[in-house]
Amino acid sequence: MNLSIFEVLMLVCFGAAWPLNIYKSLHSRSTAGKSLLFLFVIDFGYIAGMLHKIIYSFDLVIFLYMLNFLMVTFDIILYYRNKRLEAAQ
């Protein structure tokens, strides 16, 4: 197992932003300032990272990819919820 500290740092830094983003989505109940395309592109990147870990260099970093992927996916779900709430107003 060849764990890369730089890959870990990158994923931790990227992942640190998602809880705040999710909090804002939960409480604002708005899609303002959100880009659904951006969220899907980020999720696709995390999927690519997980596939790389599975196929070429499996190590524990895959769990950081999974955590970040789940947070972005949850924000996508909140986007659709907020879109529905906005339409109901």
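Rule-based calculations on the coordinates, nothing more; no lab input. Bear in mind that the values here come from a model prediction, so they are computed numbers and not experimental data. Ideal geometry is used to build each Cβ from the backbone, glycine not excepted, and the neighbour counts take in all protein chains shown.
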Projected convex hull area of segment 33-79, Cα atoms, direction-averaged, in nm², equals 3.1
Taking the alpha-carbon centre of each part, the distance from segment 40-89 to segment 11-25 in Å is 11
Each label sits 7 Å from Cα toward the beta-carbon; between residue 27 and residue 57 the label points are separated, in nm, by 3.9
Note, residue 4: beta-carbon cut-off 14 Å, +1 each Lys/Arg, -1 each Asp/Glu, net -1
Shape descriptors of the chain over alpha-carbon atoms, Rg and Dmax in angstrom, are 14.9, 53
Taking Cα pairs closer than 8 Å and at least 6 residues apart, the relative contact order of segment 36-89 in percent is 43
As straight-line cross-link partners of residue 83, the qualifying lysines (C-alpha separation under 18 Å, not fewer than 8 residues apart within one chain) are 24, 34
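All other residues with a Cβ under 11 Å from the Cβ of residue 29 taken together, and with Lys, Arg as +1 and Asp, Glu as -1, what is their net charge? Before the final figure, lay out each step's value.
On the way: positive: 24, 81, 83, 84; negative: 86.
Residues near residue 29 contribute +3 overall.
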Here, residue 81 and residue 67, labelled 7 Å along Cα→Cβ, have an inter-label distance in nm of 2.2
